[in-house]
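Data first, discussion second: the structure below is written as structure tokens.
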Amino acid sequence: MNPKKIMVINTHAPYGKATARESLDAVLAASAYDQDLSLLFLGDAVFQLLQQQDTAALEAKSLSTALPVLPLYDVTAIYAQQSALDARGLTRADLVLDVECLENHQITALMDSQDILLSF
Amino acid sequence: MIFSLAVYGAPYSSQASDSAYRFAAAALAGGHSIYRLFFYADGVHNATRLAAPPQDELDLPQRWRTLIQAHKIDSVVCIAAALRRGIINREEAERYERDADNLAPGFEISGLGQLVDAAVHSDRLVTFGD
């Protein structure tokens, strides 16, 4: 069976819900299946990418230490929504991963090219 | 068409679980097939057999059980999400030395790979909840 193009889309800020963590777990699981896997951060989800997230007071695991493992799992197609970064005063330099920043029309085209969109 | 459903919403907390149930029932009634139901995040709460909603409200966990058993639908609860939330089968209850289990018949506990497998083997994977 040919690999499918699977895009995981994150839409939530990092810690108010377990969603960000559970999305990452799903991405890591999917990385073992030899599919054409990509990851997109939309809207408030760009906050997941911030460097030096200190979660000590939350007693929760920090995404800024968890997300950098993705390239080790061969998850390298990682995208962020440029307009979401702009709206929140963020730039690529603030991010913990080397992501490709896309304009909204590019995101639309990329989504259109996928077989499966898995949103969190 | 072959569908799989990913359900992230707990019953009664959001519309997601009810919508997923209605979609599944409609897909089957329309002659489609369901490769797998995958319950993840808060969606694992759909798999308890101990829910006791008021009698004048719909019993969503019971509806899921009935649908799953009637159509023999492969129904998987994510193990990591389930154990964190106290959804547990007898085997895991023994492993973690818990004094009870609550996974309803028709559901099985397995890993996230089953979600990916469902995506790969279905024409459409439809997500309910956020």
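Find the helices (runs of 4 or more DSSP H) located wholly in the range A:1-119 whose residues include 3 or more that are within 14 Å of chain B (Cβ to nearest Cβ), and list them.
On the way: elements: A:19-30, A:63-66, A:82-87, A:104-112.
The helices (runs of 4 or more DSSP H) meeting that bar are A:19-30.
Just to be sure I understand, how many residues within the range B:58-84 are touching a residue at least 12 places away in the same chain (Cβ under 8 Å) and either over 27 Å from B:HIS121 (Cβ atoms) or hydroxyl-bearing (Ser, Thr, Tyr) (or both)?
The total comes to 2.
Can you pull out the residues in the range A:19-40 that are closer than 13 Å to B:LEU115 by Cβ, within 11 Å of the chain's Cα centre (by Cα) and without any contact (Cβ under 8 Å) to a residue 60 or more places away in the chain?
Result: A:VAL27, single match.
Test A:ALA80 against the criterion of being touching a Phe, Trp or Tyr at 6+ places or on another chain (Cβ under 7 Å) and either farther than 27 Å from B:SER4 by Cβ or without any contact (Cβ under 8 Å) to a residue 60 or more places away in the chain (or both), and give yes or no. Break it down stepwise before answering.
Details: touching a Phe, Trp or Tyr at 6+ places or on another chain (Cβ under 7 Å): yes; either farther than 27 Å from B:SER4 by Cβ or without any contact (Cβ under 8 Å) to a residue 60 or more places away in the chain (or both): yes.
Against the criterion (touching a Phe, Trp or Tyr at 6+ places or on another chain (Cβ under 7 Å) and either farther than 27 Å from B:SER4 by Cβ or without any contact (Cβ under 8 Å) to a residue 60 or more places away in the chain (or both)), A:ALA80 qualifies.
Sort out which residues of the range B:99-130 are more than 9 Å from every other protein chain (Cβ to nearest Cβ), of a type outside the set (Val, Ile, Thr), within 19 Å of B:MET1 (Cα to Cα) and surrounded by fewer than 18 Cβ atoms within 10 Å (Cβ to Cβ), and write them in order of number.
Result: B:ASP123, single match.
Only one residue in A:ALA20, A:ALA45 is modelled with pLDDT of 95 or more, crowded, with 20+ Cβ neighbours inside 10 Å, touching a Pro at 6+ places or on another chain (Cβ under 6 Å) and not basic (Lys, Arg). Which one?
None of the other options fit; the residue is A:ALA20.
Among the residues of the range B:45-58, are any on the phi > 0 side of the Ramachandran plot and either away from chain A (no Cβ under 14 Å) or buried (at least 21 other Cβ atoms within 10 Å of the Cβ) (or both)?
no
The values are calculated or read from the model by the stated rules, or taken from the named source; none is laboratory data. Note that this is a predicted model, so its numbers are computed, not measured. With ideal geometry, Cβ positions are generated from the backbone for all residues, glycine too; neighbour counts draw on all protein chains shown.
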